[in-house]
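Taking it in order: structure first as structure tokens, then the write-up.
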Amino acid sequence: MRVGHAMVLLASSFLSLAPGAYGETGREGWLRYAALPPQLARQYKIPHRIVAGSESAVAHSAASELARGLHSMLGANLTVASKLAGDDAFLLGTPAEIQRMLPTWKPESQIAPEGFSLSQFAEQGHNYWVLAGGTDRGVLYGVFRMLEQVAQQKFIAADMEAPSSPIRWVNQWDNFDGSIERGYGGRSIFFDNGHVRPDLSRVSEYGRLLASVGINGATVNNVNANPHTLDPEMIHELARIADAFRPWGVRMSLSVDLSSPQVVGQLNTFDPVNPAVVAWWRKKVDEIYKSIPDFAGFVIKADSEGRVGPSKYGRTPAQAANTVARALRPHGGVVLYRGFVYNNHLDWNDLKADRARAGYDNFRELDGSFDRNVVIQVKHGPIDFQVREPVSPLFAALRRTSQAIELQVTQEYTGQQRHMVFLVPMWKVALDTDMRAQERYTPVSEIVEGKSFHQPLGGFVGVANVGLDANWLHHPMAMANLYGFGKLAWNPELTTAEISDCWTRLTFGNDAKVVYIVNGLLENSWRVYEQYTGPLGIGTLTNILGIHYGPGIESAERNGWGQWFRADKKGIGMDRTVATGTGYIGQYPPELAKIYESLDNCPDSLLLFMHHVPYDHVLHNGKTVVQYVYDSHYEGASLAASYVTRWKMLRGLIDDQRYYETLALFEYEADHAVVWRDAVTAWFQNISGIPDKLGRVGHYPDRMEAESMQADGYTTVDVTPWETASGGKAAVCNRPGGCSLNTRSGRPAGTYSVGVRYFDLRTGNAQYELLINGKSLARWTANDVLPPAAVDAHLDGSTSTLFWVSDVRLKPKDTLTLRGMPDQGEPAPVDYIELEKK
């Protein structure tokens, strides 16, 4: 007979034990399975036997994970068996397997292939906890769901869930040499020195993390694929990665280059309709499945950013995708063809040229011509993962083609895991956007699920780019994005608050103060980053020609990349209207286009993406564009500074290692937000000629500029771009014996924090020393690990950093001396010294 839905009721008054001064690396991610307080753990009355209905690798993972998690959290010792033994038990399996073990049990309703049902069943005095999955993978997902509830000290209740869509993949942009394009958490977990790594233990751990949030596929190599990916020797090596993923139900896929038949197969063409090319793909795919029987399929990037494609032969993306898809179809594989196809050599002088139009223009007419196992992988916005973009109009245009939304977990344009930016709120805006296709409710989430237009496939792809850093993504808070992506891919109706709260509890514990502060930090961080970088839909204003990190405002202009905002002395923003601009807005369904076309209706958050306006244009909030830019940047930088104070309230409630790692990153972000603030506001004031009404921009009374100090060996240089240094200049030392800068304090007597703004070029390890009246106050080395680990030989907003000394007693006539010792091409560069009164 069936018993009640609620399995375990937890006393809400219990709190987690304080973690003390131990350290955690973050390697376990949200799967820490921290021990519950003993008095709370005793409330769980659970069986101590797990009976698995299958002997598959995935079923084994499910059973062992359940035993591992419950032992770690509750102290329970569970055994895993293959049959009942006359006692209470967890029963894991498909409905047919459960019924073989317990013939009187019947599922309440049909279970989806990757879904699960969790219920309690009593018979002949025994209590059975039945976890039935449509497949072994569904059982595994149910196990993780149950353990997640225990970790949050919540009820374990009857549940029935199924994933939103069949495709829930991550893309890894890893290269065979071990580097990762747009990777900010260390080197590749898959490759090194041209081969698959000998030790793939991190791959297995990654598979476990992915499975815990319902991810079922992983593309392991760069979308800018090495043509030799399909060499027979490499396929043999890649099979080892698939083996490491398989126990976690994660199927491996590969990015491939369309020239492979020519490069690998040595044909004289890769024309997708050529019979020899068609035959080559079939034979190659058969070869792959012999080594990797559960191979998921291919991701293809073509005809974009230098990648070859079908256009070379006058063929369409549909012809190319279908050729590969037909080779995969007998094996159950799919093609994800990226809709990121555009011309990166656009004519800047053509006012009708618009990169944002490219996705729609290239794919709209092909709707309905793709085979059923082809999915068009569409970036959520039409440009390139900017801090805010409208959703791509392509989602509403492809009504006879399966689509997957591409989201970027790795923070390429959003702080590169040196800034905290919780991306779930941004993704929610995109997924919840109602496209009004066919003049009806068609949110992006339902389009990519295949629901809106009744497509057989669809789903979610996240560019994850985890690395060998112990905590996978460098910033402890960045793991919330990987977790959040998986949760949204499983169920896009989840709210930001639900996702952040769950991640926080699993990652840092259930202490009420920890949960309150961490959730607050996460949930507003996207908005804060947008405020101090690029508001009003202008884009991130980062250096798009370099490493995409620090401010480089005009790098977007006057080139072929098409990320323009067309600023001049009179106004700013892209005119994408139908009436006078590029016509991009007309790509949206009429109801949505009407909103964007009108200045009266266009939301301020997308104003400069859609319209070119004068700097004194008045926003809906009553501020002019230029004053809003000033105010938002100062407010955003101030909020970023508050992260430090708020995080310090958690000392002793989070283990020391993760506490101090996060604190250091927050301190860096607070200082780097000032670099952003000053660069953007100075640039806007310079181009518009309109001063900040509050007199902040260009006025920094607490700074002593390096170029204004008495120099011994230091020389003044211009910084490029000029706005990324205070006053546009810096001082550098090229004298082997070192140089110095001297200045009087000139401040009222008191206690100050002294900051030295300098540039860390990573070409060497310059030495600095700060002295007061000849007495050494601090020494440090410019070997900062906080900015991205990339060689950047420029003094700019990417290399700018700050060193602080607190609680310094100063008098007006005190002499401050800064000594710099250059090293290996790093000329001990200095921007300014700042005195902050305490």
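The values are calculated or read from the model by the stated rules, or taken from the named source; none is laboratory data. Keep in mind that what you see is a predicted model, and the values were worked out from it rather than measured. Virtual Cβ from ideal backbone geometry, glycine too; neighbours counted across all protein chains shown. Heads up: the accessible areas ignore ligands, DNA and RNA and are worked out on the full protein's heavy atoms, side chains in. Shrake-Rupley method; radii C 1.70, N 1.55, O 1.52, S 1.80 Å.
Descriptive notes on the structure:
- For the stretch 290-301, the condition of being part of a helix (DSSP H, G or I) and under 30 Å from residue 136 (Cβ atoms) holds for at least one residue.
- A residue that is at pLDDT 95 or above and more than 30 Å from residue 24 (Cβ to Cβ) cannot be found anywhere in the stretch 647-668.
- Residue in the stretch 491-519 that is surrounded by the most Cβ atoms within 10 Å (Cβ to Cβ), counting only those that are among the hydrophobic types (A, V, I, L, M, F, W, C) and in contact with a Ser or Thr (Cβ under 6 Å, 6 or more places away or on another chain): 518
- Residue in the stretch 3-24 that is modelled with pLDDT of 90 or more, within 25 Å of residue 152 (Cβ to Cβ) and buried (at least 16 other Cβ atoms within 10 Å of the Cβ) present: yes
- The residues on offer are 114, 108, 123, and the sole one that is acidic (Asp, Glu) and closer than 23 Å to residue 246 by Cβ is 114.
- In the stretch 340-355, the residues that are at pLDDT 95 or above and outside any loop (DSSP other than H, G, I, E, B) reach residues that are among the aromatic types (Phe, Trp, Tyr) and open to solvent by less than 60 Å² (accessible area, probe 1.4 Å) with C-beta atoms within less than 9 angstrom, at least six apart or across chains, in these pairs: 355/342; 355/564.
- Residue match in the stretch 175-187 (condition: open to solvent by less than 10 Å² (accessible area, probe 1.4 Å), part of a loop (DSSP other than H, G, I, E, B) and modelled with pLDDT of 95 or more): yes
- Among (1) open to solvent by less than 10 Å² (accessible area, probe 1.4 Å); (2) assigned to a loop (DSSP other than H, G, I, E, B); (3) in contact with a strand residue (DSSP E or B) (Cβ under 9 Å, 6 or more places away or on another chain); (4) under 22 Å from residue 590 (Cα atoms), the one test that residue 381 misses: (3)
- Conditions (1) farther than 26 Å from residue 412 by Cβ; (2) open to solvent by 20 Å² or more (accessible area, probe 1.4 Å); (3) not aromatic (Phe, Trp, Tyr); number of the one not met by residue 524: (1)
Residues are listed down the side, and each one gets a yes or a no for (1) at pLDDT 95 or above; (2) open to solvent by 10 Å² or more (accessible area, probe 1.4 Å):
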residue: 684; (1), (2): yes, no
residue: 706; (1), (2): yes, no
residue: 712; (1), (2): yes, yes
residue: 717; (1), (2): yes, yes
residue: 721; (1), (2): yes, yes
residue: 751; (1), (2): yes, yes
residue: 762; (1), (2): no, yes
residue: 771; (1), (2): yes, no
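- With respect to (1) over 27 Å from residue 471 (Cα atoms); (2) touching a strand residue (DSSP E or B) at 6+ places or on another chain (Cβ under 7 Å), the lone exception for residue 671 is condition (1).
- Exactly one residue out of 743, 681, 751, 724 is touching a helix residue (DSSP H, G or I) at 6+ places or on another chain (Cβ under 8 Å), over 29 Å from residue 791 (Cα atoms) and touching a residue at least 24 places away in the same chain (Cβ under 8 Å), and it is 743.
- Residue list for the stretch 773-818, restricted to those being over 26 Å from residue 420 (Cβ atoms), among the hydrophobic types (A, V, I, L, M, F, W, C) and surrounded by fewer than 18 Cβ atoms within 10 Å (Cβ to Cβ): 777, 778, 793
- The residues of the stretch 36-56 that are in a loop (DSSP other than H, G, I, E, B) and among the polar types (S, T, N, Q), listed by number, are 43, 54, 56.
- Count of residues meeting criterion [buried (at least 18 other Cβ atoms within 10 Å of the Cβ) and of a type in the set (Asp, Glu)] in the stretch 245-289: 2
- Condition check for residue 827: within 27 Å of residue 546 (Cα to Cα), open to solvent by 10 Å² or more (accessible area, probe 1.4 Å) and either modelled with pLDDT of 95 or more or among the hydroxyl-bearing types (Ser, Thr, Tyr) (or both): yes
- Check on residue 456, at pLDDT below 95 and on the phi < 0 side of the Ramachandran plot: yes
- The stretch 112-148, residues that are of a type in the set (Asp, Glu) and farther than 24 Å from residue 29 by Cβ: 123
- Considering the stretch 537-574, and only residues there that are among the small types (Gly, Ala, Ser) and more than 27 Å from residue 801 (Cβ to Cβ), the residue that is surrounded by the fewest Cβ atoms within 10 Å (Cβ to Cβ) turns out to be 560.
- Screening residue 129 on (1) touching a residue at least 40 places away in the same chain (Cβ under 8 Å); (2) of a type outside the set (S, T, N, Q); (3) in contact with a helix residue (DSSP H, G or I) (Cβ under 8 Å, 6 or more places away or on another chain) shows it passes everything except condition (3).
- From the list 150, 80, the lone residue that is open to solvent by 40 Å² or more (accessible area, probe 1.4 Å) and either touching a helix residue (DSSP H, G or I) at 6+ places or on another chain (Cβ under 6 Å) or not basic (Lys, Arg) (or both) is 80.
- Enumeration of residues in the stretch 136-167 that are under 30 Å from residue 374 (Cβ atoms) and free of Cβ contacts under 8 Å to residues at least 60 places away in the same chain: 138, 162
- In the stretch 192-238, the residues that are open to solvent by less than 10 Å² (accessible area, probe 1.4 Å), assigned to a helix (DSSP H, G or I), hydrophobic (A, V, I, L, M, F, W, C) and within 26 Å of residue 284 (Cβ to Cβ): 203, 230, 235, 238
Every residue, every condition in (1) closer than 30 Å to residue 508 by Cα; (2) open to solvent by less than 10 Å² (accessible area, probe 1.4 Å), yes or no:
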residue: 621; (1), (2): no, no
residue: 633; (1), (2): no, yes
residue: 638; (1), (2): yes, no
residue: 643; (1), (2): yes, yes
residue: 666; (1), (2): yes, yes
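- Residues of the stretch 100-115 that turn out to be open to solvent by 30 Å² or more (accessible area, probe 1.4 Å), more than 13 Å from residue 53 (Cβ to Cβ) and in contact (Cβ under 8 Å) with a residue 40 or more places away in the chain, as a count: 3
- Count - residues of the stretch 57-69 that are open to solvent by less than 40 Å² (accessible area, probe 1.4 Å) and in contact with a helix residue (DSSP H, G or I) (Cβ under 7 Å, 6 or more places away or on another chain): 7
- Test result for residue 569, part of a helix (DSSP H, G or I) and modelled with pLDDT of 95 or more: no
- Flag for residue 582 being out of contact with any Gly (no Cβ under 6 Å at 6 or more places or on another chain) and open to solvent by less than 40 Å² (accessible area, probe 1.4 Å): yes
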